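> Structure provided below as structure tokens; questions to follow.
The values are calculated or read from the model by the stated rules, or taken from the named source; none is laboratory data. Computed from a prediction, not measured in an experiment: that's the story for all the values here. Using ideal geometry, Cβ is built from the backbone for each residue, glycine included, and neighbour counts are taken over all protein chains shown.
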């Protein structure tokens, strides 16, 4: 007796591509992990894919080698950042254009402000920088207007010229994390009521009528490290928990190292910025903002005069439990070290970072 084998046809889903069964929102989420050019190339896969890339929630413009010229880059990103339909957002955006020369300021500024209108929460801007700006390629100068976004919570800026109102973040009401690296900062103030974490590293703080004022009363974490220029003034930060501050190691040409006592007594022309003058008489300009901190790392040059003056007017560190100091505090009969020990009543841990000096016998 013969038996016929029963055959069944394979379903379309088992032979076709399984991606077709996924909703557009899932495909858009997946495309967001690709570099922007790769995401755009998916438009040739099928008719359905023609416009999916236009609404991806994450933009990554990072493959600068793929662009033959700045003009090609401008054309591509101009189209990519066009205003979207209402309800379509860009949750995260990364511009990493390091290595491209002659970036056009107006285009970069336009892209940043466009993506912020799409409810971007995380924005990373990494451009070509070679400090100081007078050497090598010029860095991008953004428009001197405040950024506006009720959704931006983290901002990273690298290799950008920042000036005046651009660093007033009063219109970014939920911004809590700001990282500024390898930038030129040319402003009287950095303002934010919401900021909780601030990092300024490898930047140049330009000469101004007054030093840059950092006003961030909600700050919990501060990192100020490896900068060039005039030391900023720190306003009160009552919620500050941790701070790493490295002052004065690259500033020998600035007034921070002038020991002539005040404006008119020296040739630097900058002494009026600090104590013993009309701008900040009998006020701590650096340490007062750190007086509420719990954990502090404070590294400075032993030549930094304005920092020593600060100790005369600095209030008590009533919450300080952990303190790291470099060997600048060991000069002048240990007066600086003794000052900290006297005005830090709850101090539990003290670390002294002492540099070794090797003297040749020759």
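Okay, residues lined up against (1) farther than 19 Å from residue 244 by Cβ; (2) modelled with pLDDT of 85 or more:
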{"residue": "300", "(1), (2)": "no, no"}
{"residue": "303", "(1), (2)": "yes, no"}
{"residue": "312", "(1), (2)": "yes, no"}
{"residue": "318", "(1), (2)": "yes, yes"}
{"residue": "326", "(1), (2)": "no, no"}
{"residue": "350", "(1), (2)": "no, yes"}
{"residue": "356", "(1), (2)": "yes, no"}
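Each row is one residue, and each column tells you yes or no for (1) surrounded by 18 or more Cβ atoms within 10 Å (Cβ to Cβ); (2) not in a loop (DSSP other than H, G, I, E, B).
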| site | (1), (2) |
| --- | --- |
| 144 | no, no |
| 147 | yes, no |
| 152 | yes, no |
| 157 | yes, yes |
| 162 | yes, yes |
| 172 | yes, no |
| 178 | yes, yes |
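> What residue, among those in the range 50-80 that are without any contact (Cβ under 8 Å) to a residue 12 or more places away in the chain and not assigned by TED's automatic domain parsing to the domain that holds residue 95, is nearest to residue 111 (Cα to Cα)?
51
> When the residues of the range 94-132 are narrowed to those that are crowded, with 18+ Cβ neighbours inside 10 Å and at pLDDT below 90, which ends up farthest from residue 60 (Cα to Cα)?
Among those that are crowded, with 18+ Cβ neighbours inside 10 Å and at pLDDT below 90, it is 129.
> State which residue pairs qualify: first residue on the phi < 0 side of the Ramachandran plot and modelled with pLDDT of 80 or more and inside the range 335-346, second residue in a helix (DSSP H, G or I) and surrounded by 12 or more Cβ atoms within 10 Å (Cβ to Cβ) in any location, beta carbons under 6 Å apart, and separation of 6 or more residues or different chains.
Correct list of pairs: 337/329; 339/311.
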